[in-house]
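See structure below.
The values are calculated or read from the model by the stated rules, or taken from the named source; none is laboratory data. As the structure is a computational prediction, the values presented were derived from the model and not from experiment. Cβ placement follows ideal geometry from the backbone for every residue including glycine, while neighbour counts extend to all protein chains displayed.
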Amino acid sequence: MSKILVLQHVWCETLGTIAEALAAAELVAEVVRLDEGQPVPDDLAGMAGLIVMGGPMSVYDHRRYAFLSDELRLMERALAEDKPILGVAWAVNCWPPLWARRSPGAIGKRSGGIPSP
């Protein structure tokens, strides 16, 4: 079975029903609890993809949440390696800074939320 790396920021932001979809696809979640002080892995070796869960932080809260810089680097690495990434809640806000550096002018698809005027 292939593994998916999951970055979890708070106790209440779990995989929920995503876990069922992973199981149906025969994927195993390897959860890193950033809220418990576990470090962000340096790379995605042995991982088929990355799931970044939600949390109370902003993508620009690097001073308050020291792991954010490492997390964004890992997301950039996943993009460079063409690994799939699922961003949940706040993680969706990471896309503009990441895509702006990778694909200037490109617009990705965002699901959920309220459409912009």
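Of note:
- The stretch 11-23, subset surrounded by 11 or more Cβ atoms within 10 Å (Cβ to Cβ) and in contact with a helix residue (DSSP H, G or I) (Cβ under 8 Å, 6 or more places away or on another chain), residue modelled with the lowest pLDDT: 13
- Among the residues making up the stretch 24-63, those that are surrounded by 13 or more Cβ atoms within 10 Å (Cβ to Cβ) and assigned to a helix (DSSP H, G or I) are 34, 35.
- Cβ separations smaller than 7 Å between residues 6+ apart or across chains give the following pairs from the stretch 49-73 residues that are within 22 Å of residue 19 (Cβ to Cβ) to residues that are surrounded by fewer than 19 Cβ atoms within 10 Å (Cβ to Cβ) and of a type in the set (Phe, Trp, Tyr): 54/90; 55/90.
- Flag if residue 79 is at pLDDT 75 or above and touching a His at 6+ places or on another chain (Cβ under 6 Å): no
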